[in-house]
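Taking it in order: structure first as structure tokens, then the write-up.
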Amino acid sequence: HLHHFAKAYRSPAKVLSAINEAMERKMQRDMFITMIYAVLDLETERLELARAGHELPFFYNSHSNGTVDVRPVHSPGMAIGMVEPKIFDSVIQDTSIHFGSEDVLLFYTDGITEAVNQEGEEFSSERLLEVLSANGKSSAQEIVDQALGSVERFSEGTGQIDDLTLIAVKHV
């Protein structure tokens with residue numbers, strides 16, 4: 001469905017709305033899908049995204065004056081398959097940010113932030129933001145490696161409960 005709707009609509013929110021409508025009759029009521037759909041235009045340095053209930057992506061914004069801002073990208077939306085299209089469509093929105101040179105966008109699943117240590121404490125989004133802040137000047141692969149290494153050290157000896165998925169996109 002994604003491939004088909006991505007060709008039909010330019011807006012990430014419209015793509016996710018179309019997927020939600022198409023999946024409504026095919027999904028069991030106790031199932032849902034979370035995802036983020038993003039489109040990057042390198043010519044204009046604009047990144048447009050819509051979020052269907054997925055974890056908030058993190059943005060490492062490298063300003064021209066040398067300062068850095070690291071924050072979540074807030075984008076309203078709910079998981080695909082949870083509600084009827086009318087409600088889903090009223091909530092989902094496109095979010096647009098400037099994605100310039102040396103900026104990084106970090107996508108992840110909740111298995112990263114909910115990884116626990118021996119005391120039962122979660123790794124947390126705050127720790128993941130700290131990893132991105134400390135490593136944002138590195139390559140995308142190094143950011144991923146550092147984040148996964150940090151999660152592994154944090155949860156050492158507890159075993160992996162959930163999937164660990166992490167994608168870093170860096171504009172070089």
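The values are calculated or read from the model by the stated rules, or taken from the named source; none is laboratory data. Only a predicted model underlies this, so the values are computations on that prediction, with no experimental measurement involved. Here the Cβ is made from the backbone with ideal geometry for all residues, glycine too, and neighbour counts use every protein chain on show. SASA here: full protein model, heavy atoms, side chains in, ligands and nucleic acids out. Shrake-Rupley method; radii C 1.70, N 1.55, O 1.52, S 1.80 Å.
Of the residues making up region 1-33, those that are in contact with a strand residue (DSSP E or B) (Cβ under 7 Å, 6 or more places away or on another chain) and closer than 15 Å to P85 by Cα are A13, V15, L16, I19, N20, M23, F32, I33. Among the residues of region 75-90, those identified as open to solvent by 10 Å² or more (accessible area, probe 1.4 Å) and over 30 Å from G136 (Cβ atoms) are M82, V83, E84, P85, K86, I87, D89, S90.
Exactly one residue among K14, K26 is farther than 20 Å from T109 by Cα, modelled with pLDDT under 90 and either acidic (D, E) or open to solvent by 40 Å² or more (accessible area, probe 1.4 Å) (or both), and that residue is K26. In region 7-35, the residues that are more than 18 Å from D94 (Cα to Cα) form Cβ pairs under 9 Å with partners that are part of a helix (DSSP H, G or I) and open to solvent by 100 Å² or more (accessible area, probe 1.4 Å), at six or more places apart or across chains, as follows: A22/H4. Can you confirm whether G77 is under 22 Å from R10 (Cβ atoms), touching a residue at least 24 places away in the same chain (Cβ under 8 Å), touching a Leu at 6+ places or on another chain (Cβ under 8 Å) and part of a loop (DSSP other than H, G, I, E, B)? It is true that G77 is under 22 Å from R10 (Cβ atoms), touching a residue at least 24 places away in the same chain (Cβ under 8 Å), touching a Leu at 6+ places or on another chain (Cβ under 8 Å) and part of a loop (DSSP other than H, G, I, E, B). Every condition in (1) open to solvent by less than 20 Å² (accessible area, probe 1.4 Å); (2) touching an Asp or Glu at 6+ places or on another chain (Cβ under 7 Å); (3) of a type outside the set (A, V, I, L, M) is met by E122 except one, and the failing one is (1).
Of the set (1) surrounded by fewer than 19 Cβ atoms within 10 Å (Cβ to Cβ); (2) among the hydrophobic types (A, V, I, L, M, F, W, C); (3) touching a strand residue (DSSP E or B) at 6+ places or on another chain (Cβ under 7 Å), all apply to L47 but (1). Confirm whether F88 is part of a strand (DSSP E or B) and in contact (Cβ under 8 Å) with a residue 12 or more places away in the chain. No.
Would you call G111 in a loop (DSSP other than H, G, I, E, B) and either farther than 19 Å from V39 by Cβ or over 16 Å from the mean Cα position of the chain (by Cα) (or both)? No: the conditions fail for G111. Take the residues in region 65-74 that are outside any strand (DSSP E or B) and in contact (Cβ under 8 Å) with a residue 12 or more places away in the chain; name whichever of them is least open to solvent (accessible area, probe 1.4 Å). It comes out as V73.
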